[in-house]
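The values are calculated or read from the model by the stated rules, or taken from the named source; none is laboratory data. Treat the numbers as computed from the prediction; the structure is a model and nothing was measured. Note that we place each Cβ from the backbone using ideal geometry, even for glycine, and neighbour counts take in every protein chain shown. For the accessible areas, the whole protein counts, side chains as well, though only heavy atoms, and no ligand, DNA or RNA atoms are used. Shrake-Rupley method; radii C 1.70, N 1.55, O 1.52, S 1.80 Å.
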Amino acid sequence: MSLVTIEIDQNSKVSKVEQVAQAIVHHIEKGALKKGERLLSISEFSKQYKISRDTVEKAYKLLKDEGYIETVPGRGNYIADKKDNKLKVLLLFNKLSSYKKNVYYSLVEALGKKAKVDLQIYHYDADLFREIVEASLGKYHYYVVMPYFLKKGKEVDGLELVRLIPEDELILLDKNLPQLGEAHSVIYQDFKRDIYEALESDLESLEKYDDIIVIFPPDKNYQRDISLGIKAFCKDHDKGFLEVENLSKVNPGRNELYITLAESDLADLINKVKQTSLVIGEDVGIISFNDTILKGLLNISVVTTDFENMGGAAANLILKKQKQQIRNPFHLIKRGSL
(Lines give C-alpha, C1' and ligand atoms only; values in the text may rest on other atoms or scores of the structure.)
Protein backbone atom coordinates (compact mmCIF):
# COMPACT_ATOMS: atom_id res chain seq x y z
CA MET A 1 0.00 0.00 0.00
CA SER A 2 1.39 3.40 -1.00
CA LEU A 3 2.04 5.95 1.72
CA VAL A 4 -1.29 7.80 2.08
CA THR A 5 -2.77 10.05 4.75
CA ILE A 6 -5.52 8.58 6.88
CA GLU A 7 -6.63 10.65 9.84
CA ILE A 8 -9.47 9.89 12.20
CA ASP A 9 -11.57 12.74 13.56
CA GLN A 10 -12.59 11.60 17.02
CA ASN A 11 -15.34 14.25 17.16
CA SER A 12 -16.89 13.45 13.80
CA LYS A 13 -20.44 12.18 13.54
CA VAL A 14 -19.16 9.77 10.88
CA SER A 15 -18.10 6.41 12.34
CA LYS A 16 -14.41 5.45 12.39
CA VAL A 17 -15.17 2.54 10.04
CA GLU A 18 -16.70 4.90 7.47
CA GLN A 19 -13.87 7.41 7.89
CA VAL A 20 -11.27 4.74 7.10
CA ALA A 21 -13.27 3.46 4.13
CA GLN A 22 -13.87 6.97 2.80
CA ALA A 23 -10.18 7.84 3.10
CA ILE A 24 -9.16 4.75 1.11
CA VAL A 25 -11.82 5.41 -1.55
CA HIS A 26 -10.64 9.00 -1.77
CA HIS A 27 -7.07 7.90 -2.48
CA ILE A 28 -8.24 5.29 -4.99
CA GLU A 29 -10.27 7.81 -6.97
CA LYS A 30 -7.47 10.39 -6.96
CA GLY A 31 -5.01 7.77 -8.24
CA ALA A 32 -2.82 7.53 -5.14
CA LEU A 33 -3.91 3.89 -4.79
CA LYS A 34 -4.00 2.09 -8.12
CA LYS A 35 -5.71 -0.98 -9.52
CA GLY A 36 -3.95 -4.18 -8.47
CA GLU A 37 -2.06 -2.58 -5.60
CA ARG A 38 -1.96 -4.66 -2.43
CA LEU A 39 -3.39 -3.12 0.72
CA LEU A 40 -1.72 -3.54 4.08
CA SER A 41 -2.94 -6.50 6.06
CA ILE A 42 -5.39 -5.75 8.84
CA SER A 43 -2.61 -6.06 11.42
CA GLU A 44 -0.18 -3.91 9.41
CA PHE A 45 -2.83 -1.24 8.82
CA SER A 46 -3.82 -1.23 12.48
CA LYS A 47 -0.22 -0.81 13.60
CA GLN A 48 0.79 1.84 11.04
CA TYR A 49 -2.26 4.07 11.45
CA LYS A 50 -2.92 3.29 15.15
CA ILE A 51 -6.48 2.16 14.42
CA SER A 52 -8.08 -0.85 16.04
CA ARG A 53 -8.07 -4.18 14.15
CA ASP A 54 -11.85 -4.40 14.45
CA THR A 55 -12.28 -0.97 12.77
CA VAL A 56 -9.89 -1.90 9.93
CA GLU A 57 -11.57 -5.26 9.38
CA LYS A 58 -15.02 -3.67 9.15
CA ALA A 59 -13.72 -0.94 6.82
CA TYR A 60 -12.15 -3.54 4.50
CA LYS A 61 -15.41 -5.50 4.45
CA LEU A 62 -17.32 -2.33 3.57
CA LEU A 63 -14.90 -1.58 0.72
CA LYS A 64 -15.16 -5.16 -0.53
CA ASP A 65 -18.98 -5.02 -0.49
CA GLU A 66 -18.87 -1.79 -2.50
CA GLY A 67 -16.44 -3.24 -5.05
CA TYR A 68 -13.41 -1.10 -4.25
CA ILE A 69 -11.20 -3.96 -3.10
CA GLU A 70 -11.06 -7.69 -3.70
CA THR A 71 -9.58 -10.50 -1.62
CA VAL A 72 -7.16 -13.02 -3.08
CA PRO A 73 -7.12 -16.09 -0.75
CA GLY A 74 -3.75 -16.55 0.89
CA ARG A 75 -2.36 -13.31 -0.53
CA GLY A 76 -4.41 -10.41 0.85
CA ASN A 77 -6.61 -7.53 -0.26
CA TYR A 78 -6.06 -5.65 -3.52
CA ILE A 79 -7.48 -2.54 -5.21
CA ALA A 80 -10.19 -3.72 -7.59
CA ASP A 81 -11.00 -2.45 -11.08
CA LYS A 82 -13.86 -0.21 -10.02
CA LYS A 83 -15.62 1.10 -13.12
CA ASP A 84 -17.00 4.31 -11.60
CA ASN A 85 -13.84 6.40 -11.35
CA LYS A 86 -15.38 9.84 -11.81
CA LEU A 87 -14.06 12.75 -9.81
CA LYS A 88 -16.49 13.95 -7.16
CA VAL A 89 -16.90 17.70 -6.76
CA LEU A 90 -18.93 19.56 -4.13
CA LEU A 91 -19.94 23.07 -5.15
CA LEU A 92 -20.84 25.30 -2.20
CA PHE A 93 -22.70 28.54 -2.99
CA ASN A 94 -23.72 31.21 -0.49
CA LYS A 95 -26.93 31.74 -2.48
CA LEU A 96 -28.46 30.79 -5.81
CA SER A 97 -28.83 33.44 -8.51
CA SER A 98 -28.87 33.61 -12.29
CA TYR A 99 -25.13 34.44 -12.23
CA LYS A 100 -24.28 31.50 -10.04
CA LYS A 101 -26.33 29.22 -12.26
CA ASN A 102 -24.03 30.26 -15.11
CA VAL A 103 -21.03 29.27 -12.99
CA TYR A 104 -22.62 25.91 -12.17
CA TYR A 105 -23.59 25.05 -15.74
CA SER A 106 -20.22 26.06 -17.19
CA LEU A 107 -18.39 24.01 -14.53
CA VAL A 108 -20.54 20.93 -15.18
CA GLU A 109 -20.23 21.29 -18.95
CA ALA A 110 -16.44 21.69 -18.84
CA LEU A 111 -15.99 18.68 -16.54
CA GLY A 112 -18.26 16.59 -18.73
CA LYS A 113 -18.41 12.89 -17.94
CA LYS A 114 -15.14 12.99 -15.99
CA ALA A 115 -16.78 14.25 -12.81
CA LYS A 116 -19.97 14.27 -10.79
CA VAL A 117 -20.90 17.66 -9.31
CA ASP A 118 -23.12 18.10 -6.26
CA LEU A 119 -24.45 21.56 -5.38
CA GLN A 120 -25.31 22.77 -1.90
CA ILE A 121 -26.49 26.23 -0.80
CA TYR A 122 -25.52 27.42 2.67
CA HIS A 123 -27.35 30.79 2.59
CA TYR A 124 -24.40 32.76 4.02
CA ASP A 125 -24.84 30.74 7.24
CA ALA A 126 -21.41 29.97 8.75
CA ASP A 127 -22.80 27.23 10.99
CA LEU A 128 -24.61 25.53 8.12
CA PHE A 129 -21.46 25.70 6.00
CA ARG A 130 -19.47 23.99 8.76
CA GLU A 131 -22.12 21.30 9.11
CA ILE A 132 -22.12 20.58 5.37
CA VAL A 133 -18.32 20.44 5.12
CA GLU A 134 -17.82 18.27 8.18
CA ALA A 135 -20.39 15.77 6.88
CA SER A 136 -18.78 15.65 3.42
CA LEU A 137 -15.06 15.49 4.20
CA GLY A 138 -13.47 12.48 2.56
CA LYS A 139 -16.41 12.01 0.19
CA TYR A 140 -15.24 14.48 -2.48
CA HIS A 141 -12.03 15.10 -4.37
CA TYR A 142 -12.63 18.84 -4.71
CA TYR A 143 -14.61 21.46 -2.83
CA VAL A 144 -15.43 24.55 -4.91
CA VAL A 145 -16.49 27.35 -2.57
CA MET A 146 -17.86 30.89 -2.82
CA PRO A 147 -16.74 32.14 0.63
CA TYR A 148 -19.33 34.62 1.91
CA PHE A 149 -20.30 34.07 5.54
CA LEU A 150 -22.56 35.59 8.16
CA LYS A 151 -22.71 34.71 11.83
CA LYS A 152 -25.49 36.22 13.95
CA GLY A 153 -26.17 38.66 11.12
CA LYS A 154 -22.58 39.93 10.90
CA GLU A 155 -20.08 39.24 8.15
CA VAL A 156 -17.14 37.00 9.09
CA ASP A 157 -14.04 36.23 7.03
CA GLY A 158 -14.59 32.47 7.12
CA LEU A 159 -10.90 31.54 7.30
CA GLU A 160 -11.52 28.99 10.01
CA LEU A 161 -14.32 27.46 7.94
CA VAL A 162 -12.49 27.06 4.65
CA ARG A 163 -9.46 25.69 6.50
CA LEU A 164 -11.60 22.68 7.36
CA ILE A 165 -11.03 21.65 3.74
CA PRO A 166 -7.61 20.24 2.73
CA GLU A 167 -5.67 22.84 0.71
CA ASP A 168 -5.16 20.59 -2.30
CA GLU A 169 -8.92 19.94 -2.50
CA LEU A 170 -10.06 23.57 -2.13
CA ILE A 171 -10.90 25.93 -4.99
CA LEU A 172 -12.29 29.36 -4.08
CA LEU A 173 -14.55 31.21 -6.49
CA ASP A 174 -15.42 34.89 -6.83
CA LYS A 175 -13.71 36.09 -3.65
CA ASN A 176 -10.11 35.49 -2.65
CA LEU A 177 -8.94 35.02 0.93
CA PRO A 178 -5.29 36.15 0.72
CA GLN A 179 -4.68 35.13 4.34
CA LEU A 180 -4.72 31.51 3.14
CA GLY A 181 -1.50 32.12 1.22
CA GLU A 182 -0.75 30.63 -2.18
CA ALA A 183 -1.30 26.97 -1.35
CA HIS A 184 -4.93 27.03 -2.55
CA SER A 185 -6.53 27.65 -5.93
CA VAL A 186 -8.85 30.57 -6.59
CA ILE A 187 -10.64 32.25 -9.51
CA TYR A 188 -11.49 35.65 -8.08
CA GLN A 189 -12.77 39.15 -8.67
CA ASP A 190 -10.59 42.04 -7.52
CA PHE A 191 -13.63 44.19 -6.82
CA LYS A 192 -11.94 47.55 -6.26
CA ARG A 193 -9.54 47.24 -9.16
CA ASP A 194 -12.13 45.65 -11.46
CA ILE A 195 -14.70 48.45 -11.20
CA TYR A 196 -12.01 51.14 -11.42
CA GLU A 197 -10.53 49.70 -14.62
CA ALA A 198 -13.97 49.03 -16.13
CA LEU A 199 -14.98 52.68 -15.71
CA GLU A 200 -11.62 53.84 -16.99
CA SER A 201 -12.01 51.70 -20.13
CA ASP A 202 -14.59 54.16 -21.54
CA LEU A 203 -13.65 57.63 -20.29
CA GLU A 204 -15.17 59.20 -23.38
CA SER A 205 -18.69 58.00 -22.50
CA LEU A 206 -18.29 59.06 -18.86
CA GLU A 207 -16.91 62.51 -19.68
CA LYS A 208 -20.35 64.17 -19.74
CA TYR A 209 -21.19 63.10 -16.17
CA ASP A 210 -20.10 65.39 -13.36
CA ASP A 211 -21.16 63.15 -10.47
CA ILE A 212 -21.35 59.41 -9.85
CA ILE A 213 -23.90 58.11 -7.36
CA VAL A 214 -23.61 54.48 -6.23
CA ILE A 215 -26.67 52.88 -4.67
CA PHE A 216 -25.19 50.49 -2.11
CA PRO A 217 -27.78 48.54 -0.09
CA PRO A 218 -26.42 47.85 3.41
CA ASP A 219 -28.27 44.56 3.86
CA LYS A 220 -27.38 42.70 0.64
CA ASN A 221 -23.84 41.55 1.46
CA TYR A 222 -22.17 43.37 -1.43
CA GLN A 223 -18.43 43.81 -1.33
CA ARG A 224 -17.40 47.17 0.14
CA ASP A 225 -14.46 47.33 -2.29
CA ILE A 226 -16.92 48.02 -5.12
CA SER A 227 -17.82 51.39 -3.65
CA LEU A 228 -14.19 52.12 -2.78
CA GLY A 229 -13.18 51.49 -6.40
CA ILE A 230 -15.84 53.89 -7.69
CA LYS A 231 -14.78 56.51 -5.15
CA ALA A 232 -11.12 56.17 -6.21
CA PHE A 233 -12.12 56.59 -9.86
CA CYS A 234 -14.09 59.76 -9.05
CA LYS A 235 -11.14 61.21 -7.14
CA ASP A 236 -8.67 60.51 -9.94
CA HIS A 237 -10.98 61.86 -12.65
CA ASP A 238 -12.36 64.93 -10.85
CA LYS A 239 -15.94 63.76 -10.45
CA GLY A 240 -18.26 64.10 -7.50
CA PHE A 241 -18.98 60.93 -5.56
CA LEU A 242 -21.98 59.99 -3.45
CA GLU A 243 -22.98 56.68 -1.88
CA VAL A 244 -26.60 56.20 -0.84
CA GLU A 245 -28.43 53.19 0.60
CA ASN A 246 -31.51 53.69 -1.58
CA LEU A 247 -33.24 56.25 -3.79
CA SER A 248 -35.61 57.65 -1.16
CA LYS A 249 -33.58 60.83 -0.65
CA VAL A 250 -32.22 61.18 -4.17
CA ASN A 251 -33.76 62.91 -7.15
CA PRO A 252 -31.97 62.17 -10.44
CA GLY A 253 -30.41 65.24 -11.97
CA ARG A 254 -28.73 66.23 -15.20
CA ASN A 255 -25.16 65.00 -15.81
CA GLU A 256 -25.38 62.36 -13.08
CA LEU A 257 -24.30 58.75 -13.49
CA TYR A 258 -25.94 56.13 -11.26
CA ILE A 259 -24.40 52.74 -10.52
CA THR A 260 -26.81 50.16 -9.10
CA LEU A 261 -25.97 46.83 -7.51
CA ALA A 262 -29.43 45.45 -6.70
CA GLU A 263 -32.04 44.65 -9.35
CA SER A 264 -34.78 46.34 -7.31
CA ASP A 265 -32.81 49.60 -7.15
CA LEU A 266 -32.32 49.52 -10.93
CA ALA A 267 -36.10 49.23 -11.45
CA ASP A 268 -36.79 52.04 -8.97
CA LEU A 269 -34.21 54.27 -10.65
CA ILE A 270 -35.64 53.76 -14.13
CA ASN A 271 -39.14 54.55 -12.88
CA LYS A 272 -37.93 57.65 -11.05
CA VAL A 273 -36.15 59.02 -14.12
CA LYS A 274 -39.22 58.36 -16.27
CA GLN A 275 -41.21 60.67 -13.99
CA THR A 276 -38.96 63.56 -15.05
CA SER A 277 -38.12 65.17 -18.38
CA LEU A 278 -34.62 63.67 -18.24
CA VAL A 279 -33.51 61.15 -20.84
CA ILE A 280 -31.59 58.03 -19.81
CA GLY A 281 -28.31 57.88 -21.69
CA GLU A 282 -28.32 61.57 -22.51
CA ASP A 283 -29.07 63.49 -19.31
CA VAL A 284 -28.75 60.67 -16.77
CA GLY A 285 -26.48 57.68 -17.04
CA ILE A 286 -27.10 54.22 -15.59
CA ILE A 287 -24.70 51.32 -15.09
CA SER A 288 -25.88 48.14 -13.41
CA PHE A 289 -23.82 45.35 -11.83
CA ASN A 290 -23.85 41.95 -13.57
CA ASP A 291 -25.51 41.30 -16.90
CA THR A 292 -28.86 39.62 -17.54
CA ILE A 293 -31.03 39.11 -20.62
CA LEU A 294 -33.52 41.66 -19.25
CA LYS A 295 -30.84 44.34 -18.89
CA GLY A 296 -29.89 43.73 -22.50
CA LEU A 297 -33.51 44.15 -23.59
CA LEU A 298 -33.80 47.34 -21.52
CA ASN A 299 -30.58 48.65 -23.12
CA ILE A 300 -28.89 49.07 -19.72
CA SER A 301 -25.09 49.30 -19.58
CA VAL A 302 -23.46 46.88 -17.17
CA VAL A 303 -20.16 46.07 -15.50
CA THR A 304 -19.78 42.35 -15.07
CA THR A 305 -17.38 39.54 -14.49
CA ASP A 306 -17.39 36.55 -16.84
CA PHE A 307 -19.27 33.98 -14.77
CA GLU A 308 -19.08 31.30 -17.45
CA ASN A 309 -15.30 31.69 -17.56
CA MET A 310 -15.21 31.35 -13.77
CA GLY A 311 -16.85 27.93 -13.87
CA GLY A 312 -14.77 26.80 -16.84
CA ALA A 313 -11.53 27.91 -15.21
CA ALA A 314 -12.35 25.96 -12.04
CA ALA A 315 -13.05 22.85 -14.13
CA ASN A 316 -9.73 23.28 -15.91
CA LEU A 317 -7.84 23.39 -12.59
CA ILE A 318 -9.60 20.21 -11.50
CA LEU A 319 -8.97 18.29 -14.70
CA LYS A 320 -5.31 19.33 -14.91
CA LYS A 321 -4.76 18.94 -11.15
CA GLN A 322 -3.23 22.41 -11.04
CA LYS A 323 -3.00 25.08 -8.35
CA GLN A 324 -3.41 28.64 -9.57
CA GLN A 325 -4.68 32.02 -8.47
CA ILE A 326 -6.55 33.54 -11.40
CA ARG A 327 -8.15 36.96 -11.65
CA ASN A 328 -11.39 36.50 -13.56
CA PRO A 329 -12.12 38.79 -16.55
CA PHE A 330 -14.26 41.85 -15.75
CA HIS A 331 -15.49 44.45 -18.23
CA LEU A 332 -17.95 47.18 -19.11
CA ILE A 333 -20.71 46.45 -21.63
CA LYS A 334 -21.81 49.78 -23.05
CA ARG A 335 -25.45 50.16 -24.06
CA GLY A 336 -27.90 53.01 -24.51
CA SER A 337 -28.07 53.98 -20.83
CA LEU A 338 -24.55 55.42 -20.82
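In table form, for the structure just shown:
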item: Candidate set: the stretch 250-266, residues that are open to solvent by 30 Å² or more (accessible area, probe 1.4 Å) and modelled with pLDDT of 95 or more; chosen: the one farthest from the chain's Cα centre (by Cα); result: ARG254
item: Residue in the stretch 8-30 that is among the charged types (D, E, K, R) and touching a strand residue (DSSP E or B) at 6+ places or on another chain (Cβ under 9 Å) present; result: yes
item: 3 or more residues aliphatic (A, V, I, L, M): qualifying strands (runs of 3 or more DSSP E) within the stretch 98-170; result: 115-121
item: LEU298 vs. criteria open to solvent by 70 Å² or more (accessible area, probe 1.4 Å), among the hydrophobic types (A, V, I, L, M, F, W, C) and either farther than 21 Å from ASP210 by Cβ or in contact with a His (Cβ under 6 Å, 6 or more places away or on another chain) (or both); result: yes
item: Filter pass, GLU70 being in a strand (DSSP E or B) and either surrounded by 14 or more Cβ atoms within 10 Å (Cβ to Cβ) or of a type outside the set (S, T, N, Q) (or both); result: yes
item: The stretch 184-215: number of residues that are open to solvent by 30 Å² or more (accessible area, probe 1.4 Å), closer than 23 Å to LEU150 by Cβ and not in a strand (DSSP E or B); result: 2
item: Filter result for the condition that a residue is farther than 19 Å from TYR142 by Cβ and either within 27 Å of the chain's Cα centre (by Cα) or surrounded by fewer than 14 Cβ atoms within 10 Å (Cβ to Cβ) (or both), over LYS16, LYS30, LYS34; result: LYS34
item: Unmet criterion (only one of (1) touching a Pro at 6+ places or on another chain (Cβ under 7 Å); (2) assigned to a loop (DSSP other than H, G, I, E, B)) for PRO218; result: (1)
item: Qualifying residue in the stretch 302-325 (condition: within 18 Å of GLU207 (Cα to Cα), in contact with a strand residue (DSSP E or B) (Cβ under 6 Å, 6 or more places away or on another chain) and open to solvent by less than 30 Å² (accessible area, probe 1.4 Å)); result: yes
item: Residue match in the stretch 41-48 (condition: open to solvent by less than 60 Å² (accessible area, probe 1.4 Å), under 32 Å from the mean Cα position of the chain (by Cα) and free of Cβ contacts under 8 Å to residues at least 60 places away in the same chain); result: no
item: From the options ILE121, ILE195, residue that is under 17 Å from VAL103 (Cβ atoms) and modelled with pLDDT of 95 or more; result: ILE121
item: Qualifying residue in the stretch 164-186 (condition: among the basic types (Lys, Arg) and under 23 Å from GLN22 (Cβ atoms)); result: no
item: Residue, most open to solvent (accessible area, probe 1.4 Å), within the stretch 223-235, restricted to residues that are of a type in the set (Lys, Arg) and modelled with pLDDT of 95 or more; result: LYS235
item: Search result, residues across the stretch 210-222 that are at pLDDT 90 or above and not acidic (Asp, Glu); result: ILE212, ILE213, VAL214, ILE215, PHE216, PRO217
item: Filter pass, GLU57 being surrounded by 14 or more Cβ atoms within 10 Å (Cβ to Cβ), modelled with pLDDT of 90 or more and at negative phi; result: yes
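Here's the yes/no breakdown for (1) more than 30 Å from LYS295 (Cα to Cα); (2) in contact (Cβ under 8 Å) with a residue 60 or more places away in the chain; (3) surrounded by 13 or more Cβ atoms within 10 Å (Cβ to Cβ):
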site	(1), (2), (3)
SER97	no, no, yes
LEU107	no, yes, yes
LYS152	yes, no, no
GLU155	no, yes, yes
ILE165	yes, no, yes
LEU170	yes, no, yes
GLU182	yes, yes, no
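Conditions tested, residue by residue: (1) among the charged types (D, E, K, R); (2) farther than 26 Å from THR304 by Cα; (3) out of contact with any His (no Cβ under 8 Å at 6 or more places or on another chain).
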{"residue": "PHE93", "(1), (2), (3)": "no, no, yes"}
{"residue": "SER97", "(1), (2), (3)": "no, no, yes"}
{"residue": "ASN102", "(1), (2), (3)": "no, no, yes"}
{"residue": "VAL145", "(1), (2), (3)": "no, no, yes"}
{"residue": "TYR148", "(1), (2), (3)": "no, no, yes"}
{"residue": "ASP157", "(1), (2), (3)": "yes, no, yes"}
{"residue": "LEU161", "(1), (2), (3)": "no, yes, yes"}
